[in-house]
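Below: one structure, written as structure tokens.
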Amino acid sequence: MNRSDRRRQEALQGKTGSADSFAVHNLLDQGKRHHQAGQLAEAEHNYQLALNMAPGHPEALHLLGLLAYRVGSYEQAIELITHAIQGTPNSPLYWFNLGVVTQKAGKAEEAIRAYERAIALNAKYVDALINLGNVLKDLHRLAEAVDTYRKALTLNPVHADTHNNLGVALKEQNAIREAIAAYREAIRLKPAHFEAWNNLGLALMETGAIDEALASFQQALTIVPNSSKALYNLGIAAMWNGDHAGAIARFSQVAAAKHDHGKPVHETTLFRSRLKHDAEQTRLLIELGRLDASYRSYVDALERLEITLAAAYPSRNRCPVDPATLTGIAPSFNRFLYRAPCERLADGALNPQLDVRAIETRYLGSRPEVTFIDQLLKPEALTALRTFCLESTIWKKDYDNGYLGAFLGDGFATPLLLQIADELRRAFPGIFKDHRLTQAWAFKQDSARRGLSLHADAAAVNVNFWITPDEANLDPEKGGLVVYDKEAPADWNFAAYNSEQNKPKILDWLTRAGAQTIRVPYRANRAVVFNSDLFHETDDVTFRDEYLSRRINITLLYGYRHQA
């Protein structure tokens with residue numbers, strides 16, 4: 001017997017007695033072998049036998065905790081590993097694994113404490129430093145994350161993932177050049193690092209190095225072909241490079257992969273508002289001759305399911321469903337049945353009568369920066385955009401409030417939309433400066449439900465405009481946008497200022513900050529232009545409850561939050 005085996009035996013004897021020590025040790029070893037082989041029931045049996053022989057045995061508890069973690073029972077895993085720590089409080093490994101489990105369970109502060117304890121017990125615990133950096137980064141505690149990543153890299157300078165994560169934290173601090181250096185080091189260490197190539201492209205875009213960014217995204221695609229993330233970013237870079245056709249082609253690839261694939265539907269929850277919308281839209285397309293009469297059975301299937309769910313869940317919008325029952329409504333999820341044309345206008349899309357100087361003066365002179373523009377688009381541009389939104393079956397993103405969304409990567413990218421976005425930026429240089437379009441979407445409201453909740457957006461300038469005729473709005477003094485005169489705190493991350501779950505926190509902060517509201521009533525062809533960092537929400541909506549009267553708003557985001 002070597003010295004380490006003797007020490008292990010002596011430790012076990014202290015807890016179980018000499019008669020049982022080898023038996024416990026062997027049971028745990030057998031359990032580990034089963035565990036590593038994926039034979040989880042056998043592993044649990046061995047661990048439990050060991051624990052029965054030696055009640056409170058730390059390693060048996062620890063291993064049972066890891067087993068619970070593997071099958072997704074995080075609370076049980078936390079309890080078991082915590083009990084193991086009570087028996088062996090100075091084990092860095094136990095504290096590290098407690099950090100892993102609490103991090104996975106979404107208990108960030110507990111994870112931080114566990115990782116910090118593991119590091120206190122072993123200052124060279126690289127994995128604990130890396131994981132601690134990741135939690136801090138996700139909490140937007142960026143300075144701490146950067147410091148932690150650098151400590152980890154001092155101990156292990158060839159860890160490519162940590163260089164990449166360091167780059168992410170640095171970029172969020174607006175240290176773009178340092179972030180680029182970190183991404184390049186990750187790539188040097190691991191040339192096939194997809195995330196590093198993709199992140200490098202995003203950082204290069206912010207420096208204006210568009211050609212290099214395009215090359216980075218292309219390289220990412222050679223590593224993960226058809227990656228929606230890289231394709232989407234390639235589309236944004238192409239758009240910034242003036243290649244609108246190339247951008248739309250990339251966005252269309254992303255949209256087709258997500259929504260126009262014809263694969264089986266595996267949804268387990270469904271929104272009644274989505275069923276209602278899709279039935280109404282398909283009926284309109286049949287009436288207009290865009291779809292043939294065979295689609296009436298599809299409309300019937302949508303309506304039957306909505307009636308069934310309404311009877312079972314009268315007060316709910318999101319309802320549980322059995323995927324096996326969804327075959328008849330699959331086109332709601334896996335097909336673009338029709339896309340209306342929405343092409344560029346040869347003589348421009350913006351209203352040529354806009355008083356650019358007055359609008360810029362109004363925007364730049366207001367504190368905070370909020371103004372509105374009436375009659376934004378030419379009538380033919382407004383009509384084409386409205387027709388596209390009414391007829392195109394691109395509305396695939398559901399929200400609990402009952403509205404539907406379509407983003408650039410969901411089928412909303414069209415030549416006319418990109419033309420409008422580009423003309424706005426060029427027409428109002430005093431407002432948009434060097435900011436480029438970073439995202440665009442449309443939301444279509446169910447008139448019987450409430451609108452977009454309180455939030456801010458991760459951009460420099462926000463343009464929000466409306467395209468549904470005024471006759472649809474039953475309350476002309478409302479139905480538009482409410483903007484609060486306070487910006488989201490600089491140290492809040494995206495989840496903090498753009499999450500329905502954080503609305504109570506946002507309201508509390510606005511109350512304490514003494515925020516006042518700026519209400520802009522709804523008008524067709526009116527755009528609200530404002531500092532995107534300002535909290536805002538849809539005003540009370542009272543529109544006619546019919547398909548052609550649904551409130552449709554289009555949002556264009558320019559630049560990045562930190563650039564504002």
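Side notes on the structure shown:
- Residues located in the range 536-564, provided they are in a strand (DSSP E or B), out of contact with any helix residue (DSSP H, G or I) (no Cβ under 6 Å at 6 or more places or on another chain) and either under 18 Å from Ser499 (Cβ atoms) or aromatic (Phe, Trp, Tyr) (or both): His536, Glu537, Thr538, Thr555, Leu557
Rundown of residues vs (1) surrounded by fewer than 18 Cβ atoms within 10 Å (Cβ to Cβ); (2) within 26 Å of Ala257 (Cβ to Cβ), yes/no style:
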residue	(1), (2)
Leu270	no, yes
Glu287	yes, no
Ser294	yes, no
Ala301	no, yes
Thr308	yes, no
Tyr313	yes, no
Asp322	yes, yes
Pro331	no, yes
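- Residue check for Arg150: in a helix (DSSP H, G or I), of a type outside the set (S, T, N, Q) and farther than 25 Å from Ala120 by Cα: no
- Leading residue by the ranking (least open to solvent (accessible area, probe 1.4 Å)) among those in the range 139-151 that are farther than 20 Å from Ile180 by Cβ and of a type outside the set (Val, Ile, Thr): His140
- Restricting the range 366-391 to residues that are free of Cβ contacts under 8 Å to residues at least 24 places away in the same chain and assigned to a helix (DSSP H, G or I), the residue that is surrounded by the most Cβ atoms within 10 Å (Cβ to Cβ): Thr383
- Filter pass, Arg113 being over 19 Å from Glu59 (Cβ atoms) and either among the hydroxyl-bearing types (Ser, Thr, Tyr) or over 24 Å from the mean Cα position of the chain (by Cα) (or both): yes
- Among the candidates Thr517, Thr511, residue that is more than 30 Å from Gln173 (Cβ to Cβ) and surrounded by fewer than 18 Cβ atoms within 10 Å (Cβ to Cβ): Thr517
- Number of residues in the range 436-491 that are closer than 22 Å to Phe271 by Cα and either in a loop (DSSP other than H, G, I, E, B) or basic (Lys, Arg) (or both): the value is 11.
- For the residues Ala293, Ala330, Ala311, the requirement of being within 28 Å of Ala249 (Cβ to Cβ) and either under 24 Å from the mean Cα position of the chain (by Cα) or among the small types (Gly, Ala, Ser) (or both) singles out Ala330.
- If you go through the range 340-365 and keep only what is in contact with a helix residue (DSSP H, G or I) (Cβ under 8 Å, 6 or more places away or on another chain), among the charged types (D, E, K, R) and either surrounded by 16 or more Cβ atoms within 10 Å (Cβ to Cβ) or not in a loop (DSSP other than H, G, I, E, B) (or both), you end up with Arg344, Glu360.
- Taking the criterion of being over 27 Å from Arg436 (Cβ atoms) and not small (Gly, Ala, Ser), the residues of the range 456-482 that qualify are Thr468, Pro469, Asp470, Glu471, Asn473, Leu474, Asp475, Pro476, Glu477, Lys478, Val482.
This table checks each residue for (1) in contact with a strand residue (DSSP E or B) (Cβ under 8 Å, 6 or more places away or on another chain); (2) without any contact (Cβ under 8 Å) to a residue 12 or more places away in the chain; (3) farther than 16 Å from Leu474 by Cβ.
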| site | (1), (2), (3) |
| --- | --- |
| Pro504 | no, yes, yes |
| Arg512 | no, yes, yes |
| Val520 | yes, no, yes |
| Arg523 | yes, no, no |
| Phe530 | yes, no, yes |
| Arg550 | yes, no, no |
| Ile554 | yes, no, yes |
| Tyr558 | yes, no, yes |
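- Qualifying position, being in a loop (DSSP other than H, G, I, E, B) and either modelled with pLDDT of 95 or more or crowded, with 21+ Cβ neighbours inside 10 Å (or both), among Ile394, Ile431: Ile394
- Within the range 497-508, tally of residues that are of a type in the set (A, V, I, L, M, F, W, C) and either open to solvent by 10 Å² or more (accessible area, probe 1.4 Å) or assigned to a loop (DSSP other than H, G, I, E, B) (or both): 1
- The condition of being in contact with a helix residue (DSSP H, G or I) (Cβ under 7 Å, 6 or more places away or on another chain) and within 27 Å of Ala257 (Cα to Cα) holds for only one of Gln439, Gln419, Gln445, that being Gln439.
- Cβ pairs under 6 Å, 6+ apart, first in the range 469-494 and of a type outside the set (A, V, I, L, M), second open to solvent by 70 Å² or more (accessible area, probe 1.4 Å): Lys478/Asp540; Tyr484/Thr517; Asp485/Gln516
- Checking each residue in the range 422-445 for being of a type outside the set (S, T, N, Q) and under 23 Å from the mean Cα position of the chain (by Cα) picks out His435, Arg436, Leu437, Ala440, Trp441, Ala442, Phe443, Lys444.
- Any hit, the range 7-29, residues being under 23 Å from Asp127 (Cα atoms), assigned to a helix (DSSP H, G or I) and either modelled with pLDDT of 85 or more or open to solvent by less than 20 Å² (accessible area, probe 1.4 Å) (or both): no
- Residue in the range 238-250 that is within 30 Å of Val321 (Cα to Cα) and charged (D, E, K, R) present: no
The values are calculated or read from the model by the stated rules, or taken from the named source; none is laboratory data. Only a predicted model underlies this, so the values are computations on that prediction, with no experimental measurement involved. Cβ: placed from backbone, ideal geometry, glycine included. Neighbour counts: every protein chain shown. Heads up: the accessible areas ignore ligands, DNA and RNA and are worked out on the full protein's heavy atoms, side chains in. Shrake-Rupley method; radii C 1.70, N 1.55, O 1.52, S 1.80 Å.
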